[in-house]
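Notes follow once the structure below has been shown.
None of the figures in this text is laboratory data; all of them are computed from the coordinates on show. The structure displayed is predicted, hence computed values, not measured ones. Here the Cβ is made from the backbone with ideal geometry for all residues, glycine too, and neighbour counts use every protein chain on show.
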Amino acid sequence: MDSVVIGGGAWGTAIANLLAFNTQHVTILCRNTAVIDSINERHINAKYLPTFTLNKNISATSRTDVLKSAVLIFVAVPSQSMRELLQKVKENIEESAQIILCNKGIERKSLLLMSEVVHEELPKNDIFVLSGPNFAHEILSKKPSFSNLAGRNKTIYDKIANALSTETFFTKYIADINGTQILGAFKNVIAIICGLLVRMDAGSNTLSALMSLALEEARSFITIKNGDPTTIMEFCGIGDLVLTCFSNKSRNFSYGYRLVDNYSENALVEGKATLESLYELARVHNINCVLTNTLYAVAQFRSHGTSSFEQDIKRELNAAFMNLLGRTKKSLKLDR
């Protein structure tokens, strides 16, 4: 069974390495010639994972015709590039191929989930979403890791799960493909807020309270997209939220932590584009999502380069917590 992973980053490479344990050949499709050469010649991804030796069953190429024979196609590219990618390669994808989405985000212009984008471009293909609390380097280090595999066809799930599963990587089936994607996107926004709060020395009590408030807001977004709120309790929900929000290895947490220090707003994090999409989604549906609105306001302050940025952050976070608690007279003390 031929498998192709689109995307030569750390996450795509980790997925390819999992697949290589269960099949004789896996292809990584990417554009970066340096990545392609290092995988084919030295069995490493020198750019993203230079310390890990990859399974010899993996090869890399930039030729899109490798998709013609693919039964399983894993997509691990930035969400805002998804539609453009599909339009370039869809003529090579058979209708019988299963598409497994490994990216997290919402298309900025249309406010569509990635599965909805795929359905518009490839209406006859089955779609699954892989999401959970996973860092690529831990999977490659063979530390026990768990993910949800969401889709509407349980029979096909078994085929994909068998291709991915190893002695240290496990998947669990859920049917809620929309809720899974919303949670995967929303946790990036909360991770940025966590980074801000940690930098301001808000304390563990405040961060723990933020998690409770975040879960409630996640429920609102899941409802907008007709998902199942109970998905919050899955690996793709609370599991991924905890990993992303409490690890300094998380790019979005680090982005929030450094935002106070005039960290470049153009930093490549999924959370920035997702924040704009979630803010607009809440506005269109007239849903009061306080945490999302607050971070959006903070991002605007940074974008406009206000001299009192740190005080702006404190004011917005204070207002958010008091709003969520239904109080207006007292203020939350946030000091660095």
Rounded to one decimal in nm, the spacing of the 7 Å Cα→Cβ label points at L111 and S141 is 4.1 nm
For Cα extents along the principal axes in Å, with candidates (i) 84, 45, 39; (ii) 64, 39, 35; (iii) 75, 47, 37, the value calculated from the shown model is option (ii)
T23 and E216 label points (each 7 Å along its Cα→Cβ direction) are spaced in nm at 4.5 nm
Here the convex hull volume per residue of the stretch 3-175, taken over Cα atoms and given in Å³, is 106 Å³
Computed over the chain: longest principal axis from alpha-carbon atoms vs helix 177-199 long axis, angle to nearest 10 degrees, is 50 degrees
Within the chain, the percent of DSSP beta bridges that are antiparallel, given to the nearest 5, stands at 20 percent
So for R0 = 30 Å, FRET eff. of L325-F246 from the Cβ-Cβ r, to 0.05, ends up at 0.85
Excluding residues fewer than 8 positions from K143 in its own chain, the aspartates and glutamates with Cα under 14 Å of it are E167
Most fluctuating of T64, T13, T292 in the GNM of the chain (C-alpha, under 10 Å) is T64
Cross-link reach from K56 to lysines, straight Cα distance under 19 Å and at least 8 residues apart if same chain, gives K47, K142
Within the chain, cysteines having no neighbouring cysteine beta carbon under 4.7 Å are C30, C102, C236, C289
Once the in-chain neighbours fewer than 8 apart are removed, the lysines whose Cα is under 24 Å from K314 read K187, K272, K329, K330, K333
